[in-house]
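Visitor: Dropping a structure here in structure tokens format, bear with me for questions.
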Amino acid sequence: MRTNVAIIGAGPSGLLLGQLLHKAGISNVIIERQSATYVLGRIRAGVLEQGLVDLMHEAGVAERMDREGIVHEGVELAFAGRRERIDLKTLTGGDTVMVYGQTEVTRDLMVARRDSGAPAFYEASDVQLHDLKSDAPYVTFTHNGEQLRLDCDYVAGCDGFHGVSRKTIPSYALEIFERVYPFGWLGLLSDTPPVHEELIYANHERGFALCSMRSTTRSRYYLQIGLDEHVKDWSDERFWKELKCRLPEDIAAQLVTGPSLEKSIAPLRSFVTEPMQYGRLFLVGDAAHIVPPTGAKGLNLAASDVSTLYRILCKVFQEGRHDLVSRYSPICLRRVWKAERFSWWMTSLLHRFPDTDGFSQRIQQSELEYYTSTVAGLTSIAENYVGLPYEPIE
Ligand code: APR
Ligand code: PHB
């Protein structure tokens, strides 16, 4: 087999890139380790920046998102028993975010891929990348017991944090930057109406809590928990009780509880790979970087990588602009680091750390007071939360 771009991984990064390239007439093949059902079973975040919303439109997959997604013009921070609203729209001069689950984004992209007839190999095993430093790279993998070889011009490593792409790059060619946080998030999904029409990020002495949603009838809540805790330790009853305790009283009083549809624990990590390119391989999304979920930036950063790579590859294949290839990594990394900073900062601001003493607690409270009481502070949070601009490729 031969194609222009071999895409490793069918998460949102791989599927979105594949759809955009296909629409531009650039051939691509997607190779995914898991089954489609497995990929759709993963519950992830659900806040889309305008940049991703625009990209979904450009890819021609926005119809259901436009219908079912909920535009949010603000978000709340709760601390010291108070609630402070951040008016995203006013503070940024008109920007908002869209609440629409990543699982739904993936589902819409999967349907579009199937309808396009472009090849996607699910349940592929033993995926290996070869000759990435040459101008004739190729990928080998096993599918339905058959050993296959895919020759290509470029490889897009969209295979997430645990994928094969980053691991194929020799360690001397990469620099890794990392922070692992001393707590996790326990998430609960339920068919109950959201406690509030906007998201609430709560700083509480017992730990962080987040009230989010997927629709007007489905809620997603999170609690900061210890690294040694397990889902089985958390009955629904215990979860709801703890959540109520961490929310401001007026909000807690309105909380509607119900049986969980899903409960899972996510570790929190900041991680960046530099550079995001090795020869003919580009790392995209979680394969190159991870952010803690506190700023809702994971999926959105993946989208800005996809946008940059897509625009560069269009110029490469349509105008022979091979000189642009080396711009991918520096353009992406500038935006990645800003989102890493914001996600790390939001995490530090809102969570209880094991070594938090009286002094650091007062600093945290005072930082929350300061940022929510000045236009400069509110604007800083708002412009980062809605997403910093995408850098043009030239
Ligand atoms: N070969 C082929 N596919 C692989 C391999 C491999 N060796 N290893 C992993 N994959 C697949 C995974 O099964 C997964 O479907 O690559 C895909 C990567 O998808 P994601 O982890 O979702 O990463 P990405 O598409 O970059 O999405 C961005 O943003 O909100 C965050 O972490 C969240 O997934 C989200 C991410
Ligand atoms: C979610 O809805 O899952 C969600 C929302 C905002 C975040 C993280 C997760 O910051």
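The values are calculated or read from the model by the stated rules, or taken from the named source; none is laboratory data. Predicted model, so just to flag it, every value in this text is computed and none were measured. Neighbour counts are summed over all protein chains in view; Cβ atoms, including those assigned to glycine, are modelled from backbone coordinates with ideal geometry. Note: accessible area is taken over every heavy atom of the protein model, side chains too, but ligands, DNA and RNA are not part of it. Shrake-Rupley method; radii C 1.70, N 1.55, O 1.52, S 1.80 Å.
Visitor: Give the range 109-119 a look and list any residue that's in contact with a strand residue (DSSP E or B) (Cβ under 6 Å, 6 or more places away or on another chain) and either open to solvent by less than 40 Å² (accessible area, probe 1.4 Å) or modelled with pLDDT under 95 (or both), or say none. Walk me through how you get there before you give the answer.
Guide: Filtering the range 109-119 down to residues in contact with a strand residue (DSSP E or B) (Cβ under 6 Å, 6 or more places away or on another chain) leaves 113, 119.
Answer for the range 109-119, where residues must be in contact with a strand residue (DSSP E or B) (Cβ under 6 Å, 6 or more places away or on another chain) and either open to solvent by less than 40 Å² (accessible area, probe 1.4 Å) or modelled with pLDDT under 95 (or both): just ARG113.
Visitor: Only residues that are assigned to a loop (DSSP other than H, G, I, E, B), in contact (Cβ under 8 Å) with a residue 60 or more places away in the chain and under 25 Å from GLU104 (Cα atoms): list them for the range 198-236, please.
Guide: Of everything in the range 198-236, those that are assigned to a loop (DSSP other than H, G, I, E, B), in contact (Cβ under 8 Å) with a residue 60 or more places away in the chain and under 25 Å from GLU104 (Cα atoms) turn out to be GLU198, LEU199, ARG214, SER215, THR216.
Visitor: Can you confirm whether THR106 is open to solvent by less than 50 Å² (accessible area, probe 1.4 Å), outside any helix (DSSP H, G or I) and within 14 Å of ligand 1 (Cβ to nearest atom)?
Guide: no
Visitor: Quick one: how many residues across the range 327-356 are over 16 Å from GLY298 (Cβ atoms), polar (S, T, N, Q) and part of a helix (DSSP H, G or I)?
Guide: 2
Visitor: Look through the range 191-223, keep the residues that are under 23 Å from MET65 (Cα atoms) and of a type in the set (Lys, Arg), and return whichever of them is surrounded by the fewest Cβ atoms within 10 Å (Cβ to Cβ).
Guide: Applying the filter and picking the extreme gives ARG218.
Visitor: Just checking, which of ASN28, ASN4 is open to solvent by 20 Å² or more (accessible area, probe 1.4 Å), touching a residue at least 60 places away in the same chain (Cβ under 8 Å) and either over 25 Å from LEU210 (Cα atoms) or near ligand 1 (Cβ under 10 Å from one of its atoms) (or both)?
Guide: On the way: ASN28 fails: open to solvent by 20 Å² or more (accessible area, probe 1.4 Å).
Unique residue meeting the criteria: ASN4.
Visitor: Next question. Looking at the range 186-201, can you tell me whether even one residue there is closer than 26 Å to LEU333 by Cα, among the β-branched types (Val, Ile, Thr) and either away from ligand 2 (no atom under 16 Å from the Cβ) or modelled with pLDDT of 95 or more (or both)?
Guide: No, every residue in the range 186-201 fails to be closer than 26 Å to LEU333 by Cα, among the β-branched types (Val, Ile, Thr) and either away from ligand 2 (no atom under 16 Å from the Cβ) or modelled with pLDDT of 95 or more (or both).
Visitor: May I ask you to list the residues in the range 326-382 that are within 16 Å of ligand 2 (Cβ to nearest atom) and of a type in the set (A, V, I, L, M, F, W, C)?
Guide: Scanning the range 326-382 gives ALA339, PHE342, TRP344, TRP345, MET346, LEU349, LEU350, ILE381, ALA382.
Visitor: Okay, next question. Return yes when ILE70 is away from ligand 1 (no atom under 16 Å from the Cβ), open to solvent by less than 10 Å² (accessible area, probe 1.4 Å) and out of contact with any Asp or Glu (no Cβ under 6 Å at 6 or more places or on another chain) and no when it is not.
Guide: Judged against the criteria, ILE70 is not a match.
Visitor: Of all residues in the range 269-301, how many are in a helix (DSSP H, G or I), within 14 Å of ligand 2 (Cβ to nearest atom) and open to solvent by 10 Å² or more (accessible area, probe 1.4 Å)?
Guide: Summing the residues that are in a helix (DSSP H, G or I), within 14 Å of ligand 2 (Cβ to nearest atom) and open to solvent by 10 Å² or more (accessible area, probe 1.4 Å) in the range 269-301 gives 3.
Visitor: Say we look at the range 35-67 and pick out the residues that are acidic (Asp, Glu) and open to solvent by 50 Å² or more (accessible area, probe 1.4 Å); which of these is farthest from ligand 2 (Cβ to nearest atom)?
Guide: Filtering the range 35-67 for residues acidic (Asp, Glu) gives 49, 54, 58, 63, 66.
In the following step, the residues that additionally are open to solvent by 50 Å² or more (accessible area, probe 1.4 Å) were identified as 54, 58, 63, 66.
Details: ASP54: 20, GLU58: 24, GLU63: 22, ASP66: 19 Å.
Top of the filtered list is GLU58.
Visitor: Among the residues of the range 276-287, what is the count of those that are more than 8 Å from ligand 1 (Cβ to nearest atom) and of a type in the set (A, V, I, L, M, F, W, C)?
Guide: Of the residues in that region, 4 qualify.
Visitor: Next question, about the same structure. Could you grab me the full set of residues in the range 176-190 that are touching a Lys or Arg at 6+ places or on another chain (Cβ under 6 Å) and either exposed (fewer than 12 other Cβ atoms within 10 Å of the Cβ) or closer than 16 Å to TRP344 by Cα (or both)?
Guide: Answer for the range 176-190, where residues must be touching a Lys or Arg at 6+ places or on another chain (Cβ under 6 Å) and either exposed (fewer than 12 other Cβ atoms within 10 Å of the Cβ) or closer than 16 Å to TRP344 by Cα (or both): just VAL180.
Visitor: So if I check each of GLN318, GLN365, which one is among the polar types (S, T, N, Q), touching a residue at least 12 places away in the same chain (Cβ under 8 Å) and within 30 Å of HIS22 (Cβ to Cβ)?
Guide: The match here is GLN318.
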